[in-house]
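Written below as C-alpha cells is the structure these notes are about.
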Amino acid sequence: MQRPVNQMSHVEILKAQLPSLDWISDDKEIEKLSKDYYWFSPLLKSELDSKRADAVVRPRTREELATVVSECAKTRTPITMRGAGTGNYGQAIPLQGGVVIDMTAMNRIVSIERGTATVEAGCKLLVLEQAANDAGFEQRTYPSTFRLATIGGLFGGGFGGVGSINFGPIYAPANVLSLKVMTVSEAPEIVELQGDECLALAHAYGTNGIIVELTIALAPKQHWNESYASFPSFDAAVGFGAALAASPGIVKKQCGIFAAGFTKYMLLLRKLIAADQPYAISLIADSSEAAYRALVAAHGGTVNHWASAEEAASRGRYAHEFCWNHTTMHVLRLDPSFTYLQCLLSDPVKQAKALYDEMNPRVMLHFEFIRNAEGAVACGGLPVMRFESKAQIEKDIATFESHGAFVMNPHVYEVEEGNSRQIDPKQVAAKRRFDPLGLLNPGKLRGWAQRS
C-alpha cells in the first residue's frame, strides 16, 4: 500500500526533527553502510543483496545517540547498530530497513591505566593498540581486520584472533571487565554491566542492547617476531601447532596452520613460504626464538622467515593479515567461486588428521590455535572450499560434525547459528531488559521471535 502524497515516513520525520545530526545523504554511501562482508557466503549474498537501511546516522556524542534512539523508540523505527562492518554473517545488514546507527564517530579512549582500557564502542582496534603500546600495554586479542574493526564490533559480532592462543575469545572471562549499555526506549538510560553480566551481549549482533563503552583488560607489551615455517605434511604442521600452543615456556601470540593448497593464493607470501607445502604463521617473543626453532625442527619443519613484527608494521603489512578470515579473503579475491566454514576442534591433532584424510584437497584446511573460554588448547577452523550448492555446504557441515567438530554456520544470519546453535535465554532476557520494543536488528535473534 502506497503512502499518501505528502505523508512523511518515520525516517523522514526523524531526519526533519533531528537536522543537526550527521545524517548520511549519499545513496551509494547508505548502500555501503547497510552492508558488511556477507558476500563471503554466496547464500547470504543472494538473500541479503537487496536489504538496506532507509537512513544512516553517525552520532558524535552519547547525547546525540540518545536523541536518535529516543525518536526511533517513539516512532517504532527499526535500529541496526554498526561498527566498521567487517563481520561476515550479515550482522550489520538491516532486514527491515529503518536506521543504521554508525558508531565510528564515538571513538574516544577514556583511559588506559593499571592494565585496563576504557573506550567508546566505535574506537578502532588499531588506534586502541597504538595508545595501549604507548602506555606499555597491548590488547589481549584482536581480529585480522584490526585496521578497520571497532572494539564494540569485536565484542558484539566477533570472536577474537591474534592473542587468542593465550587469552581465548574476547568474551572469555575477565577479558571484558564492564560495559555501558544504552536502553532503547523513549527515555534512554545508561546501564553498567560488570564481569559475566556482559556476556549476554557478546556475539549478539547488536540485537539486545546498544554498547556505548567498554572496559577491557590489557596485556604487558612484548616485542614480537613474525615467523613462517613450512612442513613436510599437514599432520606435521598441526602437530607443531598443538605443541606450540601447549608449551607454557614459549611466549607466543599467534599460530595458524594452513594446508599446502593455500600457497598459490598467498601472492604476497611467495618469498616467505615454500610452494605447495603446509605452513605455519606464528608470532614469537625474542626470548623464545631458540625454543621455537627447535620445536619447528622437531616436527620436521623449516623456518623460512623470521623478522621483527615492528619492522613488518613499518612496511605496512602484518603477518596476521594472512591469518584468520583474512586467509579466506585472499583466496576470494583471486577466485570468488570459493567460500568457507567455521568450526572448533577440541582434539586438534586427531580431528584435523581425520578431516584432512577425508576432505583434502577439495577442502583446504586452515586452523588457528587458541585457548577456549575454559582455557584448554583448541583450534578454530576456517576451511575453504569451492561453492557448489547449499546441499554441499550442509553435507560438509555434517562431515565436520561426524568427526566431533563444532560448526558455526557462516551462511545464515541468525545469532544462534553463529554461536551455540541453541537459543540462549540470557540473550533473550537482555533484549527484554534493554530493548523491550524489539527494535534492535529485528529478525536476527531467533530466541526473541520464539519467546513465550
For the range 116-227, I need the span (max minus min coordinate) of the C-alpha atoms along each principal axis, in Å, sorted largest to smallest. 52, 24, 23
Read phi for every residue in the range 401-406 and hand back ³J(HN,Hα) as whole Hz from Karplus 6.51 cos²θ - 1.76 cosθ + 1.60, θ = phi - 60°, with x for Gly and Pro. 5, 5, 9, x, 6, 9
Report the calculated FRET efficiency for Ser25 and Ala246 (r = Cβ-Cβ distance, R0 = 60 Å), to the nearest 0.05. 0.65
Cα atoms only: what Rg and Dmax, in Å, come out for the range 103-147? 10.0, 27
Scan the chain and hand back the longest stretch that contains none of the trypsin sites (Lys or Arg not before Pro) lying in DSSP loops with at most 11 other Cβ atoms within 10 Å. 115-269
Once you've got the Cα coordinates, tell me which of Lys264/Lys350; Lys28/Lys124; Lys45/Lys252; Lys45/Lys221; Lys353/Lys444; Lys35/Lys395 are over 30 Å apart. Lys45/Lys252; Lys45/Lys221; Lys353/Lys444
Could you give the length gained by full extension between Asp347 and Leu148, i.e. 0.36 nm per residue of separation minus their alpha carbon distance, to one decimal place? 68.4 nm
How fast does the range 10-101 diffuse by Stokes-Einstein, in µm²/s, taking the Kirkwood radius from C-alpha pairs at 37 °C and 0.692 mPa s? 245 µm²/s
Using a Förster radius of 25 Å, what is the FRET efficiency between Lys390 and Arg333 based on their Cβ-Cβ separation? Nearest 0.05, please. 0.60
Please give the per residue volume of the convex hull enclosing the alpha carbon atoms of the range 224-408, rounded to a whole number of Å³. 106 Å³
For the chain, what log10 I(q)/I(0) values come out of the Debye formula at q = 0.06, 0.07, 0.12 1/Å, with one point per alpha carbon and no solvent? -0.26, -0.35, -1.01
Just grab the label-to-label distance for Ala291 and Arg433, each label 7 Å out from Cα along the Cβ direction, in nm (one decimal). 4.1 nm
Where the centroid of each part is defined by its Cα atoms, how far is the range 120-195 from the range 291-331 in Å? 25 Å
Before rounding to the nearest 500, sum -39500 (n - 2.57) across all DSSP H runs of length at least 4 in the chain and divide by the residue total; then give [θ] at 222 nm in deg cm²/dmol. -8500 deg cm²/dmol
With 0.36 nm assigned to each residue of separation and the Cα-Cα distance removed, Ala131 to Lys264 gains 44.2 nm
Using packing as a proxy for protection, rank 194-200, 130-136, 226-232 so that the peptide with the highest average count of other Cβ atoms within 10 Å comes first. 226-232, 194-200, 130-136
Among the DSSP beta bridges whose two residues both lie in the chain, what percent are antiparallel, rounded to the nearest 5? 90 percent
If you take the beta carbon distance between Lys271 and Lys221 as r and set R0 to 45 Å, what does 1/(1 + (r/R0)^6) give as a FRET efficiency, to the nearest 0.05? 0.95
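Computed from the coordinates by the stated procedures, all read-outs in this text should not be read as laboratory data. From a predicted model like this one, the values you see are computed outputs, not experimental measurements. Quick reminder, even Gly has a Cβ in these numbers, built from the backbone with ideal geometry, and neighbours come from all protein chains shown.
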